[in-house]
1. On a full-extension model of 0.36 nm per residue, what is the gain between residue 37 and residue 175, subtracting their alpha-carbon distance, rounded to one decimal in nm?
2. Taking R0 as 22 Å, what FRET efficiency do you get between residue 123 and residue 147 from their Cβ-Cβ distance, rounded to the nearest 0.05?
3. Ratio of the range 1-97's C-alpha Rg to 2.2 N^0.38 Å, to two decimals?
4. Could you give the length gained on full extension between residue 59 and residue 138, defined as 0.36 nm per residue of separation minus the Cα-Cα distance, in nm?
5. Extending each Cα 7 Å along its Cβ direction at residue 11 and residue 90, get the distance between those two points in nm, one decimal.
């Protein structure tokens, strides 16, 4: 029996291309969480994310012989996933939400939050998620891939098919826009409370 767990991603791709369907099961196990996470952060709906993640894997399966080991398989997979979701949103004209990491994920272990702190953190997370979803697509996608998926500038450059300098510039610009939105939002909130 072939031990697919011990194979590299490229070896698995070649095995799938040769008709060894069990090799695709191993790729699916390795990358299902990554694909689902990327898709969910772009569509912000669990049901849509499940459906679209399945369609992404169908595309990966159908195009497996096009994968080249010059790039990391994860980068190739994310590129297919992001392009698929962009096409999905265009087709359905659905205004997708981009959810930001839950603020509670950033709380150090052993530190308890008061109910007030929890509420404030949740409100800040929702505000930031809304601000990110309001960013133009060319800024939103790189910042989500960089900060939420932990991809490098080079990987993002390959996914969005833009020079690395442009990717860095867009992430910098997105941060600046978010900072300006946060500052203007805080000022408006302060004014409304008479501060």
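Read-outs: derived from the displayed coordinates by stated rules, not from any lab. What you see is a predicted model, and the numbers here were worked out from it, not measured in a lab. In this analysis, Cβ positions are derived from the backbone assuming ideal geometry, glycine residues included, and neighbour counts consider all displayed protein chains.
1. 47.5 nm
2. 0.65
3. 1.11
4. 26.1 nm
5. Between residue 11 and residue 90, the simple spin-label model gives 3.8 nm.
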